[in-house]
Every structure is written in structure tokens, then in C-alpha cells.
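A.B. asks: Quick one: structure below, then a few questions.
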Amino acid sequence: MQFENSDELNAYISQQTGGVAILCFSTGKDSIASWLVMQRHFTKIVPYYMYLVPGLSFVERSLAYYEDWFGTHIIRLPHPSLYRMLNNLTFQAPENGAIIEQIGLPNFDYRQLDEIVREDCGLPDNTYAASGVRARDSLNRWAAIKKYGPVNEAKKTFYPIFDFDKARLVRTLLDSNIKLPVDYRLFGRSFDGIDYRFLVVLREKCPQDYEKILQFFPMAELEVRRIEYRAKYYQSLEAV
């Protein structure tokens, strides 16, 4: 189904669901703008956050801020990538392999998380789940939304700001006077991975969170040391 603009889309979804929607809330700028826009059309928004490592303090501070700002509890759920990385023994010490395999963590996807939220919150089966996807964010997204539209009736998902360009996105955030999460100050973007971009900053700025990540991924420090060693190696070559 095609829509002229995001207001038309949100009005349609709200009408279909009686004003109720789920929001996959990453704390990133697109998901914040999605929540702001959805407030104009929906009477009840159920947000959930997917954590890569549970209980990171800088994440929890941001979630607490948005819970206070929007006046709504944000459900915490494990990100599919957390179980996937554990099952694939990503950054795991050898002795952890047998334990993880014995536990048999289930693999799941975003659609299953939406279903869990519907069931746990007693929401109707026709409740749609929103995510902050914008067509102009990349060529692939532009092509996909142009071809398939900003709503998937079968999966009960939609993109509430699909037609936003960067200027409109920034204007929406500024007009609301809402703050961006600390992620942007730390990393220049939202936190979404266990790799050098994030680890090296957390090691310096948030050492307790860095240690918590190492509890789940004890060999992740090798990612930092590998990049640092590589930098020193090429520096030594340049000095020759």
C-alpha cells in the first residue's frame, strides 16, 4: 500500500488499531523522531529497547530520561544479535564454548519480539510495530520503500517517518526540545555493536560498562588491542 506522506500513514495505522502501536525504540535520532510524530496520531504507544548487553549504565541513563520525557515505561528486551553472537561464540573464551552450547539459547528475530510485546502487554493481534526507518537514509532503503511501501500488512510493521529528510528530522527534534542520548557525544552515533568504534571509547569514558561488556564477551578486548597494534605497526614502518 502506498501513502503520500507520513501523516497519512500514521493516521491510517491508528485507525486500523484503535490508536495503539508498538515502537522499536533504539534511542537513536530516527526512533526519537518516530515517537514524537506518533504521539500526534496514537493514544497508546508501547516502546521497547533491545539491549546488546543488559544493564549498561550509559544506556540506562538515556532510557530513564526518555521514560520521564514521554511519561511511559520502556520495555527492555535482548537484541537478536546478543543471542546470535553468544551462539556463534563471538569474543568468547574457549572454556565458555561448551557451556553456551549446553544452554542452547534460542535464535529469534524482530517479528518474534513484536509478538512477545503484544502478548505480554495484552495488545490486540492487529497492533502494528513501528521503527524509525527513513527512505532517504540510504539508496537501499529508498528503493525498498519505493517498491514495497512504508507498511507491511503481513508482518504488521510500518515506518512512521519514512518520508523525512535530514532537515525535517532535525527540525522535529529541535522543535520538541528533546535531548539526544549520550551515545552521540561518546560515539557520534547511537550504540549498536560490540566493536572497536564503541569499545575503545567505553574503555576510557565508561570503564564499568566496558567491564560489563567483557563479562559477556571476555575476548572483546582483543578487538581493541588488534586495532592498536595495527596502528603502532604502521607508525613504526613510517618512521623507518
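The values are calculated or read from the model by the stated rules, or taken from the named source; none is laboratory data. These figures come from a predicted structure and were not determined experimentally. Note: ideal-geometry Cβ built from the backbone for every residue, glycine included; neighbour counts use all protein chains shown. Note: accessible area is taken over every heavy atom of the protein model, side chains too, but ligands, DNA and RNA are not part of it. Shrake-Rupley method; radii C 1.70, N 1.55, O 1.52, S 1.80 Å.
A.B. asks: Mind checking the alpha-carbon convex hull of the range 30-72 and giving the volume per residue in Å³?
C.D. replies: Given the Cα convex hull of the range 30-72, per-residue volume reads 77 Å³.
A.B. asks: Oh, and also: When only the heavy atoms of the protein chains count and the probe is 1.4 Å, how do Glu204, Glu67 rank by accessible area, highest first?
C.D. replies: From most accessible down to least: Glu204, Glu67.
A.B. asks: Label points 7 Å out from Cα along the Cβ direction at Tyr196 and Asn152: separation in nm?
C.D. replies: 3.3
A.B. asks: Now for a separate question. Pick from Glu101, Glu221, Glu211 the residue whose mean-square fluctuation is largest in a GNM of the chain, springs joining Cα atoms under 10 Å.
C.D. replies: Most flexible of the set in this elastic network: Glu101.
A.B. asks: Under 13 Å from a label point 7 Å along Cα→Cβ of Gln208: give me every residue in the range 22-61 with its amide N that close.
C.D. replies: Under cut-off, by backbone N: 55-61.
A.B. asks: Enumerate the whole-percent occupancy of each 5 Å bin, from 0 to the last occupied one, for all C-alpha pair distances of the range 1-65.
C.D. replies: For the range 1-65, the binned pair fractions read 3, 16, 24, 22, 15, 9, 7, 4, 0 percent.
A.B. asks: What's the percent breakdown of Cα-Cα distances in the chain across 5 Å bins, shortest bin first?
C.D. replies: Distribution as computed: 1, 6, 12, 15, 16, 15, 13, 9, 6, 3, 2, 1, 0, 0, 0 percent.
A.B. asks: Specify whether the C-alpha gyration tensor of the range 114-188 places it in the rounded, prolate or oblate class, a ≥ b ≥ c being the square roots of the eigenvalues: rounded for a/c under 1.5, otherwise prolate if a/b is larger than b/c and oblate if not.
C.D. replies: Because a/c hits 1.5 or more and a/b fails to exceed b/c, the range 114-188 counts as oblate.
A.B. asks: Additional query: Against the longest alpha carbon principal axis of the chain, how many degrees, from 0 to 90 and to the nearest 10, is the axis of helix 221-239 turned?
C.D. replies: Once rounded, one gets 60 degrees.
A.B. asks: List the lysines whose alpha-carbon lies under 27 Å from that of Lys205, not counting same-chain residues fewer than 8 positions away?
C.D. replies: Lys29, Lys179, Lys232
A.B. asks: Also: Roughly speaking, what is the stretch gain from Asn96 to Arg185, that is 0.36 nm per residue apart minus the C-alpha to C-alpha distance, in nm to one decimal?
C.D. replies: Gain on stretching Asn96 to Arg185: 28.6 nm.
A.B. asks: Looking at the chain only, what percent of DSSP beta bridges run antiparallel? Nearest 5 please. Walk me through the numbers before you get to the answer.
C.D. replies: On the way: 2 of 16 bridges.
Around 10 percent antiparallel, to the nearest 5.
A.B. asks: Mind ranking Arg118, Arg84 by accessible surface for me, highest first, 1.4 Å probe?
C.D. replies: These residues rank, largest area first, as Arg84, Arg118.
A.B. asks: On to the next question. Which lysines have a Cα less than 21 Å from the Cα of Lys156, not counting those fewer than 8 places away in the same chain?
C.D. replies: List returned: Lys44, Lys146, Lys147.
A.B. asks: Let me ask you something else. Where both residues lie in the range 46-185, what percent of DSSP beta bridges are antiparallel, nearest 5?
C.D. replies: Antiparallel: roughly 25 percent of the beta bridges in the range 46-185.
A.B. asks: Calculate for the chain the 222 nm mean residue ellipticity that helices alone would give, adding -39,500 (n - 2.57) per DSSP H run of length 4 or more and normalising by residue count, nearest 500 deg cm²/dmol.
C.D. replies: -16000 deg cm²/dmol
A.B. asks: Can I ask one more? For the range 48-95, just list the percent of Cα-Cα distances falling in each 10 Å bin from zero outward, please.
C.D. replies: Spelled out bin by bin, the range 48-95 gives 24, 42, 23, 10, 1 percent.
A.B. asks: OK, next. With the crude spin-label approximation of a point 7 Å out along Cα→Cβ, what separation in nm comes out for Ala167 versus Asp120?
C.D. replies: A separation of 4.1 nm, rounded to one decimal place.
A.B. asks: Then there's this: Report the gain in length on full extension from Asp68 to Glu221: 0.36 nm times residue separation, minus Cα-Cα distance, nm rounded to one decimal.
C.D. replies: Taking Asp68 through Glu221 to full extension adds about 51.6 nm, to one decimal.
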